[in-house]
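What follows is a single structure, written as structure tokens, with notes after it.
Read-outs: derived from the displayed coordinates by stated rules, not from any lab. Just so you know, these numbers come straight off a predicted model, no measurement behind them. When we count neighbours, we look across all protein chains shown, and the Cβ atoms used for this are built from the backbone with ideal geometry, even at glycine.
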Amino acid sequence: MAEYEASLLEIIKEHAVGLTGELNRDTPIADLGIDSFSVVEIIYEIEEKLNVEVPFNANENPFGDMATVGDLLDALDKLIKKK
Amino acid sequence: MTRNVVVTGMGVVSPLGNNIGTYWDGLREGRSAIIKREYQAADKFSLTVPVAPIDDIADMIKSLGRDMLRADRFSQLAVIAADEAIKDSGIEFDEALGARTACIIGTGIGGQTTLDDGYQAMLCRDRRPHPLTILKIIPNAPASHLSIRHGLRGPTFAVSSACATGAHAIGVCADLIRSGSADVGLAGSSEAALSYGALEAWKAMHILADETCRPFSKNRNGLVIGEGAGVLVLEEEEHAKKRGAEIIARIAGFGMNADGNDMINPSVDGASRAIELAMEGVTVDDPSGVYINAHGTGTLLNDPTETKAIRTVFCADADAVVVSSTKSMHGHLLGAAGGIETIAAILAMKNGIVPPTVNYDEPDPACDLDYTPNKAKERNISVALSNSFAFGGLNAVVAFSKP
């Protein structure tokens, strides 16, 4: 996971249009200014840039109840598969 | 003088059956047409997803004649359904009637397989696309083919509103008849987008089901895409009576609106207002006589939102109303959903049998209406609704009543 974390934070930062401060694991998701499509777009970019697969079913709500960026990184860590 | 609109013919080609009789048998028996299938492209791409396809209709398509062999599959399906509806109605289109007949056939995406074939030919085999490619993919192709095939020269065009397309086509066509622009109309929709490219695009949205479609069930996890077409013959009531036509159902109401909220997440306010608009002027003496063929896609969000919308409109009577999602059996036909689901609603009312919501494993507290789980049941239905709540926040609800 550590190998990806820096790249994931970079990608998330690009989509965080509402962010004014630093981006790290403790940053609240609410501060990022992302909308409901942003998570899907972030994942798409992760798949394209890192050449991995992130299979998930939105109906199973794998990204529900995330408070911080750390929660998002942990959720992604569970899903990321090397191609 | 008020012009009323009635249904005098129906035709369908669906994953459950290639005509009205076999479609109704499938619905009544609670049969599922959902299977896992592999789709391939260019000898190197492949994906396997649950779908609701139509198989074994090559002979049926061939029998449509040479013009239709030059058409995309979505046009072929529309013509199969429309031909059955016209035969069912007993109507004969002479020149005078043809000029007063509308033809409104919708689709979500149009000639998807032709588009896929064209790109594969160009990019993978360095070939040019088929010369009739443009004519095959345009969304108005079915309406135009039917106009030519049956000499229909009244208002003719396609409508498109994703999953609400079929209901919109029927509502718009009924309005044309009511306003006097036509006396008869073919109204419905068609979709045949089970191609490798389209299914990869659906998979990329991460909302397809893993195994099957489970509307309203706690373990539901998404859509299953299907293909097919459904067409109604609509007629001005006096015109139908004058020629001794059998009136199958009346169009009792039609509601259409937009959520103005989100491209994908549905809205209780928008959906409930569309149902209310459809029910305006419809008298309900006994709420247990109301059947709602739900949009019921089996996604996390649609099913509880639709439940809340139904409760908002029917209040204490919502528990008496009977609901089912036939998408559990025939899949989500996208633009053609309204085309075949309005027919399911009418057939339920005509036969006094509510088709079930199959694959229903476990109740969800957020979805607490009577969804007719797993087995059809008898019910004297006086009003049948068909709900459609589409991507982009577009809602359309048609209400039918007995003749």
- Take each of the peptides B:307-316, A:28-37, B:394-403, average the number of other beta-carbon atoms within 10 Å over its residues, and list them starting from the highest. B:394-403, B:307-316, A:28-37
- Ordering B:251-257, B:342-348, A:43-49 by per-residue average of other C-beta atoms within 10 angstrom, highest first, gives B:342-348, B:251-257, A:43-49
- Note on the structure: Using alpha carbon centers only, region B:202-279 is separated from region B:66-124 by a whole-angstrom value of 21
- DSSP-defined antiparallel bridges as percent of all bridges, the protein assembly as shown, nearest 5: 70
- Any helix of chain A counts here only if DSSP assigns it H throughout, its Cα atoms span 18 Å or more along the axis, and its mean Kyte-Doolittle hydropathy is at least -1.0, and such helices are A:2-15
- Given backbone amide H placed at 1.01 Å from N, residues whose amide H is under 5 Å from that of residue B:252, ignoring those fewer than 5 places away on the same chain, are B:399, B:400, B:401
- Estimated FRET transfer efficiency (residue A:25, residue A:57; beta-carbon r; R0 25 Å; 0.05): 0.45
- Mean separation of Cα contacts under 8 Å, 6 or more apart, over the residue count of region B:1-109: relative contact order %: 31
- Note on the structure: Calc'd 3J(HN,Hα), region B:62-72, phi into Karplus 6.51 cos²θ - 1.76 cosθ + 1.60 (θ = phi - 60°), Hz, glycine/Pro = x, comes to 4, 6, 6, x, 4, 4, 7, 5, 8, 10, 5
- Could you work out the mean count of beta carbons from other protein chains within 10 Å of each residue's beta carbon in B:260-269? 1
- Simple spin-label estimate for residue A:10/residue B:1, 7 Å along Cα→Cβ, in nm, reads 7.6
- Note on the structure: chain B: relative contact order from alpha carbon pairs under 8 Å, six or more residues apart, as a whole percent, is 23
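Percent relative contact order of region B:363-403, based on C-alpha pairs within less than 8 angstrom and at least six residues apart?
Relative contact order of region B:363-403: 31 percent.
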- Message: Using the alpha carbons of chain B, what is the convex hull volume per residue in cubic angstrom, as a whole number?
- Response: 127
- Message: Viscosity 1.002 mPa s, temperature 20 °C: give me the Stokes-Einstein translational D for the protein assembly as shown in µm²/s, with Rh taken as the Kirkwood radius over C-alpha pairs.
- Response: 92
- Under 5 Å from the placed amide H of residue B:218, counting only residues 5+ away or on other chains, we find B:361, B:362, B:364
- Query: For region B:11-30 and region A:15-29, what is the separation of their C-alpha centers, rounded to whole Å?
  - Reply: 53
- Message: I'd like the distance between the alpha-carbon centres of region B:357-379 and region B:130-196, rounded to an integer number of Å.
- Response: 33
- Message: Quick test of the membrane-span-like rule: which DSSP H helices of chain B reach at least 20 Å along their long axis (C-alpha atoms) with mean Kyte hydropathy at least -0.5?
- Response: B:73-89, B:337-351
- Message: Using a 10 Å cut-off around each Cβ of peptide A:58-71, what is the average number of partner chain Cβ atoms that fall inside?
- Response: 3
- Just need the Rg to Rh number for region B:95-159, please, alpha carbons only, Kirkwood Rh. 1.15
- Message: Residue by residue through B:197-209, how many Cβ atoms from other chains fall within 10 Å of the Cβ on average?
- Response: 2
